[in-house]
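In what follows, a single structure is set out as structure tokens and then discussed.
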Amino acid sequence: MLRFLRTVVSLLGMAGILISAAAMGAQVSPAAEAKTGQAHVVVYRVSRYRDPKIIKPSIYCDGKEVALMYSGRFFTINLAPGKHTITSSDEHTAVSLDAESGATYYVRIAVVKGVWVNNTFSVHQVDGAEASKELERLKPADAKHVTNRDIVSIDSLPAQ
């Protein structure tokens, strides 16, 4: 009988620990709450004929490198609302955004000229319908190509 009571008390204690752990996990952290008000910029590069796949420009947001842009890949930059600029390593073109909370923007990176030598990359904002068609064939960027993990996500595309 005493052994039975010890087992019951032990199981009740373990159940209490599991319930409190589950309740703690269900709480939303302040950092997660702050992310709900962010804007999302999906940056991608479509693989095209004669696109030098091994050339990978750095992508910058507000002058800070965020990731390397490989052909056939995409990533999402999560930003606070406000003015932001997206450029590539050659800085010939840029996209300036006045990002709104909860909005999603699409930026395409493309080779403008050059084959293997003196490549120039363009940075252009694209509408959601066109971007959705192009993104169907692309893969998320590799984690090793992300240089600013604080604002870049590679898990999935933001909900439209």
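Quick note: the coordinates plus some simple rules give every number you see, no bench work behind them. Just so it is clear, the model here is predicted, and its values are computed rather than measured. We place every Cβ from the backbone using ideal geometry, glycine too, and count neighbours over all the protein chains shown.
One table, with the values for the structure above:
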| read-out | value |
| --- | --- |
| Contact order relative to length of the range 37-153, as percent, for alpha carbon pairs under 8 angstrom and 6 or more apart | 32 percent |
| Proxy reagent accessibility, fewest Cβ within 10 Å first, across Ser88, Ser47 | Ser47, Ser88 |
| Number of Lys pairs (Cα under 16 Å; 8 or more positions apart or on different chains) in the range 37-153 | 6 |
| Estimated FRET transfer efficiency (Thr120, Lys64; beta-carbon r; R0 25 Å; 0.05) | 0.70 |
| Anisotropy class of the range 37-153 from Cα gyration tensor, a/c 1.5 cut | prolate |
| Pairwise label distance in nanometres, Ala159 with Ala129, each label 7 Å out on the Cα-Cβ vector | 2.4 nm |
| Additional length obtainable on full extension of the chain from Asp142 to Thr36, 0.36 nm per residue less Cα span | 35.7 nm |
| Linear extension gain, Asn78 paired with Ile55, 0.36 nm per residue minus alpha-carbon span | 5.8 nm |
